[in-house]
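The values are calculated or read from the model by the stated rules, or taken from the named source; none is laboratory data. Quick caveat: nothing in here was measured; it's all calculated off a predicted structure. Cβ atoms come from the backbone with ideal geometry, glycine included; neighbour counts cover every protein chain shown. Calculation scope for accessible area: heavy atoms of the full protein, side chains included, ligands and nucleic acids excluded. Shrake-Rupley method; radii C 1.70, N 1.55, O 1.52, S 1.80 Å.
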Amino acid sequence: MSPQQVADRRERQRAWIRLARERLSAFVLSSAGEVDAASREAETALREAVSSGAAIETISAELEVSPRALQAIVDGSVPLRSLHPDDSLRPA
């Protein structure tokens, strides 16, 4: 892989991580009418960041989320909505 290809790959990874950060922030700030869509969009962005080849540890550090929590969200064992900071917006 050429240095340019490596640089391009890293930039794509950074872009996915930035998008994941934006979507995660939107999820945290979401209201009752927005929470379902916001959680789906954030989960998708997190999965795409991982799929980009960025290390879980790198993504978790950038997002200030534990690697275990990030992995659990990405693999679907913990729905992101269940972690919403507003208890009333968590699933029953």
Any hit, segment 44-55, residues being without any contact (Cβ under 8 Å) to a residue 60 or more places away in the chain, open to solvent by 70 Å² or more (accessible area, probe 1.4 Å), out of contact with any Ser or Thr (no Cβ under 8 Å at 6 or more places or on another chain) and hydroxyl-bearing (Ser, Thr, Tyr) = yes
Residue hits (segment 77-89; without any contact (Cβ under 8 Å) to a residue 12 or more places away in the chain and not in a helix (DSSP H, G or I)) are Ser77, Val78, Asp86
Please go through segment 20-35 and pick out each residue that is more than 18 Å from Gln71 (Cα to Cα) and of a type in the set (D, E, K, R).
-> Glu22, Glu34
Out of segment 14-25, which residues are open to solvent by less than 50 Å² (accessible area, probe 1.4 Å) and touching a helix residue (DSSP H, G or I) at 6+ places or on another chain (Cβ under 6 Å)?
-> Ile17, Leu19, Ala20, Leu24
Which one of these is surrounded by 13 or more Cβ atoms within 10 Å (Cβ to Cβ) and over 15 Å from the mean Cα position of the chain (by Cα): Glu62, Glu41, Glu11, Glu34?
-> Glu34
Can you tell me which residues in segment 65-84 are open to solvent by 70 Å² or more (accessible area, probe 1.4 Å), among the charged types (D, E, K, R) and over 28 Å from Val6 (Cβ atoms)?
-> Arg68
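Kindly indicate which of Ala69, Ala38, Ala92, Ala49 is out of contact with any Pro (no Cβ under 9 Å at 6 or more places or on another chain), outside any helix (DSSP H, G or I) and small (Gly, Ala, Ser).
Details: Ala69 fails: outside any helix (DSSP H, G or I); Ala38 fails: outside any helix (DSSP H, G or I); Ala49 fails: outside any helix (DSSP H, G or I).
Criteria check complete, one pass: Ala92.
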Subset of segment 45-70 (residues that are under 21 Å from Asp86 (Cα atoms) and either in contact with a His (Cβ under 7 Å, 6 or more places away or on another chain) or of a type in the set (Val, Ile, Thr) (or both)) | Val65
